[in-house]
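Structure first, commentary second.
None of the figures in this text is laboratory data; all of them are computed from the coordinates on show. Here the structure is a predicted model, which means the values were calculated and not measured. Reconstructed Cβ throughout: ideal geometry from the backbone, glycine too, with neighbour counts over all protein chains shown.
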Amino acid sequence: MARGNWATIEDRRLIRFAMKAPILEREEECELALSWQQERDEHALRKLTEAHLRLAVSSASKYRHYGLPVADLIQEGTVGLMEAAYRFESSREVRFSTYATWWVRAAVQDYVLRNWSIVRTGTTSAHKALFFNLKRLKARMGEDPSRPLSFMARNQIANEMGVRLRDVEAMEGRMTAGDRSLNAPVADESAQEWQDLLVSPDLEPDAEYIKQHDNEKKSELIELAMENLTDRETFIIRERQLKIGGVTLAVLGSQLGISKERVRQLEAQALGKLKHALVKHVGDPVMAGLANG
């Protein structure tokens, strides 16, 4: 396996250790797996995983271009080996290395998806396949890696991978843009950071205080105006106007033992009283509109 400069000194020591581990015979790997599964023999588990650590190294090298530490990728591959050791069935007459390869690859891929970006990248098996194959498909189609995919290429990839066109577009955008720190400067030698450009959906403190004060004042005025209503009118207004969603005329009619048309008449009558009372209290027709809200 070519090492290049992608592995640190510690990584290379781990790789050399993995490559020097003796290869087990079929009978021996079956015995070790059974010892771990039935007796929880940790020595057997360690010997079995160390003998197949080269599988984790091989998988780590294939996913090194995602910018994650090689040692972490190998460690995750080892987790896959341990899972394979727990599930391995020697009666199927399959070598442990053949069986463990899938678990190692799955563990490494899951680690890459969880750590490549702070934003969750893939949630379904189709999205995961798209994430790990988009660059390869783009190169196979002769697309310029520095430019966005053409419309025809996006459609072809969507059909080939069995995903929606917008999934391809979203994944390409995620893989092209990458993560950016909110504390990074907007431009070279600029004191302004990206977080300075974010707009908060919340009101300014002064505006929030004014809004809260106005709402409290409106509530007080409405409660004061409702003193002019009868008990039945108050009940109808609270159920119809002051509750989220409001209760239907039919439901109120059933509760009060009257028709829904009578409820509608009482409601209109009560709203008229509220409007008159609000105008009287505040002397402002605009405030009286609260009774209709």
Estimated distance in nm for a label pair at residue 151 and residue 208, the labels positioned 7 Å out from Cα along Cα-to-Cβ: 4.6 nm
Length-normalised contact order for region 9-115 - Cα pairs under 8 Å, 6+ apart - percent: 28 percent
Residue order, fewest to most surrounding Cβ atoms within 10 angstrom, among 151, 131, 17: 151, 17, 131
Span from the region 30-95 Cα centroid across to the region 254-272 one, whole angstrom: 74 Å
For region 212-229, Karplus couplings with θ = phi - 60° (6.51, -1.76, 1.60), whole Hz, Gly/Pro x: 5, 5, 5, 4, 5, 5, 5, 4, 4, 5, 5, 4, 5, 5, 6, 5, 7, 9
Rg over Rh [alpha-carbon atoms, Kirkwood Rh] for region 205-292: 1.05
19 Å Cα-Cα reach of residue 275 towards aspartates and glutamates, excluding residues that sit fewer than 8 places from it in its own chain: 214, 216, 220, 223, 227, 231, 233, 239, 267, 284
Residue order, fewest to most beta carbons within 10 Å, for 36, 116, 102: 102, 116, 36
Taking 260, 211 and counting other C-beta atoms within 10 Å, the order from fewest to most: 211, 260
Residue 124 versus residue 26: modelled label distance in nm, points set 7 Å from Cα along the beta carbon direction: 4.1 nm
All-pairs alpha carbon distance profile, region 125-177, 5 Å steps from 0, percent: 4, 22, 40, 26, 7, 0
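Explain nothing, just the number: relative contact order of region 125-177, from Cα pairs under 8 Å at least 6 residues apart, as a whole percent.
On the way: 31 pairs, mean separation 20.5, N = 53.
Once divided by the residue count of region 125-177, the mean separation gives 39 percent.
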